[in-house]
1. Is it fair to say Gly209 is surrounded by 14 or more Cβ atoms within 10 Å (Cβ to Cβ), under 20 Å from the mean Cα position of the chain (by Cα), at negative phi and within 16 Å of the ligand (Cβ to nearest atom)?
2. Out of Leu77, Leu98, which single residue is surrounded by 14 or more Cβ atoms within 10 Å (Cβ to Cβ), outside the structural domain of Leu204 (by TED's automatic domain parsing), more than 14 Å from the ligand (Cβ to nearest atom) and over 21 Å from Asn272 (Cα atoms)?
3. Do you know which residues across the range 1-20 are surrounded by 17 or more Cβ atoms within 10 Å (Cβ to Cβ), part of a helix (DSSP H, G or I) and of a type outside the set (D, E, K, R)?
4. Starting from residues that are small (Gly, Ala, Ser) and open to solvent by 10 Å² or more (accessible area, probe 1.4 Å), keep the ones in the range 224-258 and report whichever is nearest to the ligand (Cβ to nearest atom).
5. Only residues that are open to solvent by 40 Å² or more (accessible area, probe 1.4 Å) and touching a residue at least 60 places away in the same chain (Cβ under 8 Å): list them for the range 145-204, please.
6. Just to be sure, is Leu58 closer than 25 Å to Glu133 by Cβ and open to solvent by less than 90 Å² (accessible area, probe 1.4 Å)?
7. Looking for something surrounded by fewer than 12 Cβ atoms within 10 Å (Cβ to Cβ), on the phi < 0 side of the Ramachandran plot, free of Cβ contacts under 8 Å to residues at least 12 places away in the same chain and not acidic (Asp, Glu) - is there at least one such residue anywhere in the range 27-41?
8. With the checklist (1) open to solvent by 10 Å² or more (accessible area, probe 1.4 Å); (2) under 25 Å from Gly262 (Cα atoms) in hand, flag the one item Gly91 doesn't pass.
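The values are calculated or read from the model by the stated rules, or taken from the named source; none is laboratory data. Remember, it's a predicted structure, so these values are computed and weren't measured experimentally. Ideal geometry is used to build each Cβ from the backbone, glycine not excepted, and the neighbour counts take in all protein chains shown. For accessibility, only protein heavy atoms count, side chains too; no ligands or nucleic acids. Shrake-Rupley method; radii C 1.70, N 1.55, O 1.52, S 1.80 Å.
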Amino acid sequence: MAVLDGKQIAREIREKLATEIQDLKQEGIVPGLAVILVGDHPASRSYVLAKERTCKELGMHSVLTELPESISENELLQYIQAFNNDEQIDGILVQLPLPSHISESKVIETILPEKDVDGFHPINIGRMHAGDEQAFIPCTPLGILEMVKQTGEDISGKHVVVVGRSNLVGKPVGQLFLQENATVTFCHSRTKNLCEQTLQADILIAAVGKPNLITEDMVKAGAVVIDVGVNRKEDGKLCGDVDYEAIKPKAKHITPVPGGVGPMTITMLMNNTVLASKWRKQLKEVH
Ligand SMILES: Nc1nc(=O)c2c([nH]1)NC[C@@H]1CN(c3ccc(C(=O)N[C@@H](CCC(=O)O)C(=O)O)cc3)C=[N+]21
């Protein structure tokens, strides 16, 4: 059994990104990220502040816009349009979820695809499904793929079982592993006999948001177990979807929560923002 240390892997990737950002600065380019937070959900606020802090650490430009819960959809769209037209901004992220009076799809579709570093715009989803290289891949799936690659395990031909089918994680992560030539099974709340499916997994990805959904009897010995759950316990502590202590001895590799997928997500956002600045520069050179 080996614990996949997301913090450590994230640190190594950030070091490479910092060097890349220094090189871009020599050419007069500073990658810039705009983060928009609507309302004052405490957990969302803490993620958004962590994103800001990481940008600063890496020498990137970052702008945080905090807007009241009561803001109208139109006003929010105007902020996005301003960042679309802002030459200093390469990436735009609107923290989800949004208040119920605002349409998430309208918000996402207003972001220019070339600035959609979350990879949630239909253009980027389509490009990713088509295997286009110039697609932004959502940060959590990208972070998961990086972690699995770090184990040195061959992904090609392996059976990946994804539990959860959200647009943010489940659907794109399955697609990403399919592109790596894995055989992929998607499971969800209507799946009959979940255990039967998860026991087939060489790589098991749990992304539901339910503590202890994955118990020891559901995991094949020697599997790679990736826990994407972000659940807040009554004592305020964070836990995942996987019964970590019980499964740890059985798994070949397992990610903890916290300290697993979470830190990778933020790092991949930085990675996507650097990519966005490079792609935008290429576009400018062509025109
Ligand atoms: N537009 C948008 N893009 C997102 O990528 C997005 C979002 N909205 N809304 C919410 C989810 C959730 N998410 C996390 C990021 C980092 C940690 C993270 O760093 N977690 C730390 C612990 C943090 C703590 O202790 O609170 C860890 O797991 O070690 C967790 C969750 C990004 N999301």
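1. Taking the combined requirement at face value, the residue does not satisfy it.
2. Leu77
3. Of everything in the range 1-20, those that are surrounded by 17 or more Cβ atoms within 10 Å (Cβ to Cβ), part of a helix (DSSP H, G or I) and of a type outside the set (D, E, K, R) turn out to be Gly6, Ile9, Ala10, Ile13, Leu17.
4. Gly236
5. Glu146, Gln150, Glu153, Leu168
6. For Leu58, the condition - closer than 25 Å to Glu133 by Cβ and open to solvent by less than 90 Å² (accessible area, probe 1.4 Å) - is met.
7. No.
8. Of (1) open to solvent by 10 Å² or more (accessible area, probe 1.4 Å); (2) under 25 Å from Gly262 (Cα atoms), only one is false for Gly91: (1).
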